[in-house]
Amino acid sequence: MNKLIECLIDKNYSYIPVWFMRQAGRYLPEFREIRKNNKDFIKLCLKPKLVSEITLQPIKRFNLDAAIIFSDILIVPYGLGQKVTFKKGFGPLLGNLDWDKINQTKNKTFIERVQPVYESIQKVKKRLNKECLIGFVGAPWTILVYMLNKQSPKKNFNIQNIKKNKTLLKDILRKIEEIIYLHAFKQAEAGAEVIQIFDSWAGLLPEEELDEYCLNPTKRIVDKLKKSNIPVICFPRGIRKNYLKFCNIVKPDCVNIDYEIDPGWARKNINNVVIQGGMDPKILLKKETEIKKNVDKFLRIFNNYPYIFNLGHGVLPETKPESIEYLVKLIKEKNV
C-alpha cells in the first residue's frame, strides 16, 4: 500500500508522506516550455498526452509520495457549458451564466465534455510506481463564487451580489454539488486513489452562513465518496477556528490547514482527522536555513500524529525547484 494511503486510511504516523499543491506547473521550466505553446489553459487541461507529461514532471524530479493530476477546478463550469478563459496577469474569466442551459446539462453530456480528464488519469496511473494518484475538485461554494462572480473574488467581491435570488442560488448550488460529486467519482473510477476538495474561497463566508454554503454541501459529497471507499482530503481555506467545526461535521479523512492556522492549535484541537499541510509557501522563497527551521517546526508539532507534509496553499510560481528538492530531502531523512 502507498505510504500516503496508509497514513489516510490506517492513521499510520511512522512515515510522513510529502507532496505539494500545484506541484505540477508554473514554477517548473519544463512546464513553462509546454505552456508557451499552449495558450488556452482549459484546452491544455483537456489534452491527455500533455496532462500526463505535466503531472509526471515533478515525480521525475523529486522523491514525492503522490502525483496530483494537472487540471483545474474550473473544469466543472466548463463541463456545464459556461465559457472559461484565463487572461495572463489577471486569472480566470467566465462567461455569462445561463441557468436554463446549465440546469438542462445531463450528466452524460458533462462526462463527454470533460472525458479527457479521466483519460489523463488513466495514462498517468499506468506510469506511476509507488506514488499515490490524487484527483481533485472545487467545493460547491468556491465553484458557485466563480460561476456567479465570473472572475476571482480577490478584488471588489460583494457577497450580497451573489445572494440576490435565494431560490436560484439554491438551485444552482444543488446542480453544482451533483456535478462535483460526479466529476470526483469519475476521477476515482479512472484511477485516482484520493480526492482533494478545494474550498479556496470558504473564508469569504460569514460564520452564520458557513453551514449552508460550505459545510453541508461538502459533507454530502464527502459522505457519498466515502461510501465508495474513496479517501477524501478537504481544504476549506480561510475559515480560521471553524476548521474544528468543519472536521466535526464534514468528517473528511484528512484536512489541509492553511498557513494562517497555528499548527500547534491544529494538533491540539483537531485530533480525529489526519492533518495535511500548513507551511507558508513563501518559506520556499527563503534560504535553506529558514526552510529547515520551518520544516523542523512542523515535524516537531506533528510528531507521533498522522500528518502529510504539504503547504498551506499552492507552490508559488517564483519557487526554485531546488528548494522543493531540498525540502523533500529533509522529510525523507526524517523517515529513515
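Subtracting the Cα-Cα distance from 0.36 nm times the residue separation, let me have the gained length for Gln115 to Glu260 in nm, one decimal.
Details: separation 145, 0.36 × 145 = 52.20 nm, distance 3.64 nm.
Full extension of this stretch gives 48.6 nm more.
Which far-off residues, 5 or more places away or on another chain, put their amide H under 5 Å from the one on Leu93, with H placed in the peptide plane?
For Leu93, the qualifying residues are Thr85, Phe86, Lys87.
Give me the net charge of Glu322's neighbourhood, meaning all other residues with Cβ under 11 Å from the Cβ of Glu322; Lys, Arg count +1, Asp, Glu -1. Mind showing how you got there, number by number?
Values: positive: Arg61, Lys320, Lys329; negative: Glu288, Glu325.
Once positives and negatives cancel, what remains is +1.
Report the convex hull volume per residue for region 3-335, counting only C-alpha atoms, in Å³. Don't skip to the end; give the middle numbers.
On the way: hull volume 41.6 nm³, N = 333.
Hull volume over Cα atoms, normalised by residue count, gives 125 Å³.
Which one of Leu8, Thr319, Pro206 has its Cα pushed farthest toward the positive end of the charge dipole of the chain, where Lys and Arg give +1 and Asp and Glu give -1 at the Cβ?
Of the listed residues, the answer is Thr319.
For the chain, what is the charge dipole size about the Cα centre, in debye to the nearest 20, if Lys and Arg each add +1 at the Cβ and Asp and Glu each add -1 at the Cβ? Don't skip to the answer; put the middle values down first.
On the way: 58 positive and 37 negative charges, 121 e Å.
For the chain, the charge dipole is close to 580 debye.
Using DSSP to define loop residues, name the trypsin sites (Lys or Arg not before Pro) in region 66-146 whose beta-carbon has at most 15 other beta-carbon atoms within 10 Å.
Values: sites: Lys83, Lys87, Lys88, Lys101, Lys106, Lys108, Arg113, Lys123, Lys125, Lys126, Arg127, Lys130; in loops: Lys83, Lys88, Lys106, Lys130.
Loop-located and lightly packed - Lys83, Lys88, Lys106, Lys130.
Read phi for every residue in region 208-219 and hand back ³J(HN,Hα) as whole Hz from Karplus 6.51 cos²θ - 1.76 cosθ + 1.60, θ = phi - 60°, with x for Gly and Pro.
Values per residue, Gly and Pro as x: 6, 10, 4, 4, 5, 9, 10, 5, 5, x, 5, 4 Hz.
Please determine, in degrees from 0 to 90 and to the nearest 10, the orientation of helix 107-127 with respect to the longest principal axis defined by the Cα atoms of the chain, where the helix direction is its Cα long axis.
Taking the Cα atoms of the chain, the angle to 107-127 is about 20 degrees.
Rounded to the nearest 5, what % of DSSP beta bridges with both residues in the chain are antiparallel? It would help to have the intermediate numbers written out before the result.
Working: 5 of 27 bridges.
Approximately 20 percent, going by the DSSP bridge assignments.
What is the fewest-to-most order of Tyr15, Tyr78, Tyr27 by other Cβ atoms lying within 10 Å of their Cβ? Numbers along the way, then the final one.
Details: Tyr15 16, Tyr78 19, Tyr27 22.
Exposure proxy ranking, most exposed first: Tyr15, Tyr78, Tyr27.
Would you grab the residues whose amide H sits under 5 Å from the one on Ile308? Only those 5+ places off in sequence or on another chain, please, with H modelled 1.01 Å from N.
Those qualifying (amide H under 5 Å, at least 5 residues apart or on another chain) are Ile275, Gln276, Gly277.
What are the principal axis extents of the Cα atoms in region 54-110, in Å, biggest first?
Over region 54-110, Cα extents along the principal axes are 47, 32, 12 Å.
Helix 140-149 versus the longest principal axis of the chain: what is the Cα-based angle in degrees, 0 to 90, to the nearest 10?
For helix 140-149, the angle is close to 50 degrees.
Set the Förster distance to 22 Å, then compute FRET efficiency between Lys106 and Lys226 from the Cβ-Cβ distance, nearest 0.05. All intermediate terms of the calculation are to be shown ahead of the outcome.
Numbers: r = 26 Å, r/R0 = 1.18.
Computed FRET efficiency for Lys106 and Lys226 comes out at 0.25.
Can you give the relative contact order of region 3-335 as a percent, counting alpha carbon pairs under 8 Å and 6+ residues apart?
Details: 564 pairs, mean separation 70.5, N = 333.
Reported as a whole number, the value is 21 percent.
Just so you know, all these numbers are worked out from the coordinates, no wet-lab data involved. Everything quoted here is computed from the prediction, not taken from an experiment. Quick reminder, even Gly has a Cβ in these numbers, built from the backbone with ideal geometry, and neighbours come from all protein chains shown.
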